[in-house]
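A short worksheet on the structure shown next.
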Amino acid sequence: VEHHRGFNPWEDLHKNVERVVRTQAGEPRALQPVQMQMQLGGLLDMFGDHHAGHHGLAQGSFEVHDDHQSRVLITATLPGYELGAKSSEKPLSVRAVGRSLVISGTHRQGPVISQWQRVFSVPKGCDMKNVSVTYNSGSGNLTVVVPRSNVTAPADEEESDDDEDDMMNLPPALRALRSGLPGIIDQMAGMQAPQGFLRASRPLGLEEVLGQVMGELHQMHPRNQLPAVSHVPEDAVVNLVGCFAESQLEQVRLKYYGESNAANFAAMYWHAQNDHVQYFAMARHAVPLGHGFTAQGFLHPDEVPKWGVYDGCGVPCQDDDERWCGCSNEAERGFPNRACAEGEKRFAVYKIGNTNTSSDASTEASADTSGDTGDANAKAVNASQPAAAGPYWKLSGEGEPSIEVVIPKGTKATASGNEVLVFNASKASKEAGDSSRSPEEAQAPSSTTDAPISKVKLPVGVSTDSCEEKQEGQDGGIVLKCKLEQEDVHEVPIKVIDEL
């Protein structure tokens, strides 16, 4: 399946990139490498410039179309939002913050409450004061139109916000695309036909080049990237369900993860957490590659695993030799594993227990499920959990405008203009015990040699004085709440139409 409970932003970005590449490949004679670079670079910037503002799983995927002339168009199909109700709640909102559009939603389906946010950094020259938004209550189509007041300048004439030193702080899927797309553009440029009297009847090697390009693009897909976090929390409860045959998983809705994910226990744990599901399965080759899946439910929990539960399953995982990662023997493809017969796959299936969904869990969700049994409560999911449990920010939806920056356990943060710097908390706590330091010094980094372990880029600047630790997150982290000026945030009205 493409998704379990919703769509994540990096799969959306990859889908947009693939669309642009396929469109350009369909018209190789008209291909303009500079235009293609603008299209792909624009997508990376719009999705990735404020990547820490993405969180949660949306009901539909977002598409971005920029004609680099008159407008930027952002669309998504988000069924089930009641925007015309008299209630003061805003289940769907679009707000302009600086040069960014923040689209957020709260969706309820039975006991399941999902909250999500998407941030798009629009190009320079866009008219943020005349953004228009429509929502079709019949089809669920959300359409955001951002007018352009000028044409996009060539990349070398624009200021670059990229910092090569920050590449490792990017989400793995975004980092893979930023690193790999320049090579894709070069290969696509080679698909053009020669000009003049030597022009061939069709571009030479078109199918071969396109096949190679799409293969490389496939390797950049989020499902082939390891999560940013490389360890499982100490208090996590993960149990081996059993060692199952491939045929025993045929009726289960599975989401695939490839490459080294299947040999990495922590990777599949985090993929399951980010997909908001409890099950994951792994079948690895002798080399640390293989097939991994996450699953929302296990349709036959009473079925006896073909190879049992207590006798192991395949070979140990690459990152944890106390966990089994199954076995996949595909010797004919060059990927053997002597722990199982040739052509055989043995899947080590795990279930995550006592999962925490988010520090944003709504009291209303608790009220809706208070009378239910354990299964119903397990389904009460708040889908605002960040990808790979890294720091992220969200725009407050109530009262005075503010940004809440969620910082993981074991770290401390300080505001610095358009960034929040994240530091290791252990050293910060030692400095905090120094009574000779002022409150401002205690909140700041301990010395000029202390480098932040990560940064959270914000769409507008905030000051240290405007920020305070609001609460402790459910995972033991903190929430840094920073007040914004009224003029920093502009609510864009949503026009509701009822056409099917």
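The values are calculated or read from the model by the stated rules, or taken from the named source; none is laboratory data. Here the structure is a predicted model, which is why all the values come from computation and not from measurement. Please note: Cβ atoms are built from the backbone with ideal geometry, for glycine as well, and neighbour counts cover all protein chains shown. Only protein heavy atoms, including side chains, enter the accessible area calculation; ligands, DNA and RNA are left aside. Shrake-Rupley method; radii C 1.70, N 1.55, O 1.52, S 1.80 Å.
For the stretch 471-489: of the residues being open to solvent by less than 100 Å² (accessible area, probe 1.4 Å) and over 22 Å from VAL460 (Cα atoms), which is modelled with the highest pLDDT? Per the stated criteria, the residue is GLY477.
Evaluating VAL492 against the criteria (1) farther than 30 Å from PRO79 by Cβ; (2) among the aliphatic types (A, V, I, L, M); (3) modelled with pLDDT of 90 or more leaves one unmet condition, (1).
If we keep just the residues of the stretch 87-119 that are at pLDDT below 85 and part of a strand (DSSP E or B), which is surrounded by the fewest Cβ atoms within 10 Å (Cβ to Cβ)?
Narrowing the stretch 87-119 to residues at pLDDT below 85: 87-90, 107-114.
If we keep only those that are part of a strand (DSSP E or B) too, we end up with 107-109, 112-114.
Working: HIS107: 21, ARG108: 16, GLN109: 11, VAL112: 17, ILE113: 24, SER114: 22.
Per the criteria, the residue is GLN109.
So which of HIS291, HIS276 ends up being at positive phi and under 30 Å from the mean Cα position of the chain (by Cα)? Give the derivation first.
Numbers: HIS291 fails: at positive phi.
On inspection, the qualifying residue turns out to be HIS276.
Highlighted here are the strands (runs of 3 or more DSSP E) found entirely within the stretch 366-432 that include at least 3 residues which are surrounded by fewer than 17 Cβ atoms within 10 Å (Cβ to Cβ) and modelled with pLDDT of 75 or more: 411-424. Output the number of residues of the stretch 23-49 satisfying the condition of being open to solvent by 10 Å² or more (accessible area, probe 1.4 Å), in contact (Cβ under 8 Å) with a residue 60 or more places away in the chain and not small (Gly, Ala, Ser). Residues that pass the stated criteria total 10. The set of residues in the stretch 257-272 that are at pLDDT below 95 and open to solvent by 20 Å² or more (accessible area, probe 1.4 Å) contains only GLU259.
For residues that are under 19 Å from the mean Cα position of the chain (by Cα) and either more than 22 Å from PRO288 (Cα to Cα) or not in a loop (DSSP other than H, G, I, E, B) (or both), tally how many sit in the stretch 245-259. Steps first, answer last, please.
Of the stretch 245-259, the ones under 19 Å from the mean Cα position of the chain (by Cα) are 254-259.
Keeping just the survivors that are either more than 22 Å from PRO288 (Cα to Cα) or not in a loop (DSSP other than H, G, I, E, B) (or both) gives 254-257, 259.
Residues flagged as under 19 Å from the mean Cα position of the chain (by Cα) and either more than 22 Å from PRO288 (Cα to Cα) or not in a loop (DSSP other than H, G, I, E, B) (or both) within the stretch 245-259 amount to 5.
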